[in-house]
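The values are calculated or read from the model by the stated rules, or taken from the named source; none is laboratory data. Everything numeric here is computed off the predicted structure, so don't read it as measured data. So basically every Cβ, Gly included, is an ideal-geometry build from the backbone, and we count neighbours across all protein chains shown.
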Amino acid sequence: MVDKLMGNTIKDDINMLPHICDTEFEYQLSSVFVNIVSEERPYGTRSTSTVVVKVNGEFFFYEKHMDNDLWKEQNETYTIVKTDK
């Protein structure tokens, strides 16, 4: 689910862009996941993180990041314990 949402490469309609910089560059930046191939250097999304907290106190952390041109993932699960004061 996270990869589907955060890996979304669908770009906005050019007419919907704010036009604050070069239109083509702005268009390339308009998706959630950015991956621009350039002669100078690659440019784009290098990491993404998600936190989910359930009503029962379960806490999930997911991170995906680029490390030496390889994607690495990290998952952590915790339980939040409510204490009485």
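Of the residues in the stretch 38-53, none is more than 23 Å from Gln74 (Cα to Cα), aliphatic (A, V, I, L, M) and touching a Phe, Trp or Tyr at 6+ places or on another chain (Cβ under 6 Å). Residues that are exposed (fewer than 10 other Cβ atoms within 10 Å of the Cβ) and acidic (Asp, Glu) do occur in the stretch 56-74, at least one of them. Every condition in (1) at pLDDT 95 or above; (2) more than 17 Å from the chain's Cα centre (by Cα); (3) surrounded by 11 or more Cβ atoms within 10 Å (Cβ to Cβ) holds for Thr77 except the one numbered (3). When residues in the stretch 58-85 are screened for being over 28 Å from Tyr27 (Cβ atoms), free of Cβ contacts under 8 Å to residues at least 24 places away in the same chain and not in a strand (DSSP E or B), 4 of them pass.
Table: residues versus (1) part of a helix (DSSP H, G or I); (2) outside the structural domain of Glu63 (by TED's automatic domain parsing); (3) in contact with a helix residue (DSSP H, G or I) (Cβ under 9 Å, 6 or more places away or on another chain).
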site	(1), (2), (3)
Leu5	yes, yes, no
Ile10	no, yes, no
His19	no, yes, yes
Tyr27	yes, yes, yes
Ser31	no, yes, no
Glu39	no, yes, no
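On the given criteria, is Glu40 over 19 Å from Thr9 (Cα atoms) and modelled with pLDDT of 95 or more?
no
Taking the stretch 4-19 as the range and being within 10 Å of the chain's Cα centre (by Cα) and closer than 14 Å to Asn35 by Cβ as the test, the residues that pass are Met6, Gly7, Asn8. When every residue of the stretch 18-35 is checked against the conditions, at least one turns out to be closer than 20 Å to Tyr62 by Cβ, loosely packed, with under 14 Cβ neighbours inside 10 Å and not polar (S, T, N, Q). The one condition from (1) assigned to a loop (DSSP other than H, G, I, E, B); (2) under 19 Å from Asn8 (Cα atoms) that Val55 does not meet is (2).
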